[in-house]
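K.L.:
I'd like to ask some things about the structure below.
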Amino acid sequence: MPAEPGPLTLEAWLTRRIEEAPAALAEAVWPLVRGRLTEGEEGLVHAALDALAIAAHGAPNRAEAVTLLAADAILTYALEAAADPALGGSAARASRLAEWAGPRGLIGDRFNEKETAGG
């Protein structure tokens with residue numbers, strides 16, 4: 001008799017999502033998120049912001065474009081995961097995550113830091 005499957009993990013959920021993505025995007029996403037999965041959706045938001053910073057400081061080329069797309073995908077995955085009932089999520093949880101991460105949250109903090117520093 002097969003073992004009972006445990007609860008769905010963020011890593012398993014993300015693996016399913018990334019399998020549907022183009023190979024270049026999947027290859028860009030995994031290194032950015034792997035060390036953040038234990039932090040849940042918040043870790044994915046941080047990974048997305050880190051990817052955005054990498055892309056912003058890189059040369060305007062295809063590799064940086066893929067990193068920028070990865071940042072967008074990771075942020076989208078974070079919000080989808082927060083809303084997915086299979087992970088214990090809900091619309092309210094996704095909304096709280098979006099508020100925490102958005103213009104008045106982490107993204108705003110990083111943007112305002114650059115403006116204040118003259119960058």
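K.L.:
Which one of Leu8, Leu14 is under 17 Å from Arg93 (Cβ atoms), touching a residue at least 60 places away in the same chain (Cβ under 8 Å), aliphatic (A, V, I, L, M) and not in a helix (DSSP H, G or I)?
P.N.:
Checking each option against the conditions leaves just Leu8.
K.L.:
Follow-up. Within region 110-118, is there a residue that is in contact with a Gly (Cβ under 7 Å, 6 or more places away or on another chain) and either open to solvent by 80 Å² or more (accessible area, probe 1.4 Å) or closer than 25 Å to Trp13 by Cα (or both)?
P.N.:
As a first pass, look at region 110-118 and keep what is in contact with a Gly (Cβ under 7 Å, 6 or more places away or on another chain): none.
Looking for residues that are in contact with a Gly (Cβ under 7 Å, 6 or more places away or on another chain) and either open to solvent by 80 Å² or more (accessible area, probe 1.4 Å) or closer than 25 Å to Trp13 by Cα (or both), one finds none in region 110-118, hence no.
K.L.:
Does Trp30 fit the bill of being open to solvent by 40 Å² or more (accessible area, probe 1.4 Å) and assigned to a helix (DSSP H, G or I)? Give the steps one after another, and end with the answer.
P.N.:
On the way: open to solvent by 40 Å² or more (accessible area, probe 1.4 Å): yes; assigned to a helix (DSSP H, G or I): yes.
The answer is yes for Trp30.
K.L.:
Would you check if Glu64 is surrounded by fewer than 17 Cβ atoms within 10 Å (Cβ to Cβ) and closer than 23 Å to Glu99 by Cβ? Lay out the reasoning, then the answer.
P.N.:
On the way: surrounded by fewer than 17 Cβ atoms within 10 Å (Cβ to Cβ): yes; closer than 23 Å to Glu99 by Cβ: no.
Here the answer is no, as Glu64 does not meet what is asked.
K.L.:
What do you reckon, is Glu20 modelled with pLDDT under 95, farther than 27 Å from Asn112 by Cβ and surrounded by fewer than 17 Cβ atoms within 10 Å (Cβ to Cβ)?
P.N.:
Numbers: modelled with pLDDT under 95: yes; farther than 27 Å from Asn112 by Cβ: yes; surrounded by fewer than 17 Cβ atoms within 10 Å (Cβ to Cβ): yes.
It is true that Glu20 is modelled with pLDDT under 95, farther than 27 Å from Asn112 by Cβ and surrounded by fewer than 17 Cβ atoms within 10 Å (Cβ to Cβ).
K.L.:
Does Ile54 meet the test of being touching a Phe, Trp or Tyr at 6+ places or on another chain (Cβ under 9 Å), of a type in the set (A, V, I, L, M, F, W, C), assigned to a helix (DSSP H, G or I) and at pLDDT below 95?
P.N.:
Values: touching a Phe, Trp or Tyr at 6+ places or on another chain (Cβ under 9 Å): no; of a type in the set (A, V, I, L, M, F, W, C): yes; assigned to a helix (DSSP H, G or I): yes; at pLDDT below 95: yes.
No.
The values are calculated or read from the model by the stated rules, or taken from the named source; none is laboratory data. Quantities reported herein were computed from a predicted structural model and do not represent experimental measurements. Here Cβ is always computed from backbone atoms with ideal geometry, including for glycine, and neighbour counts include all displayed protein chains. Side chains are part of the model used for accessible areas, which takes the heavy atoms of the whole protein and leaves out ligands, DNA and RNA. Shrake-Rupley method; radii C 1.70, N 1.55, O 1.52, S 1.80 Å.
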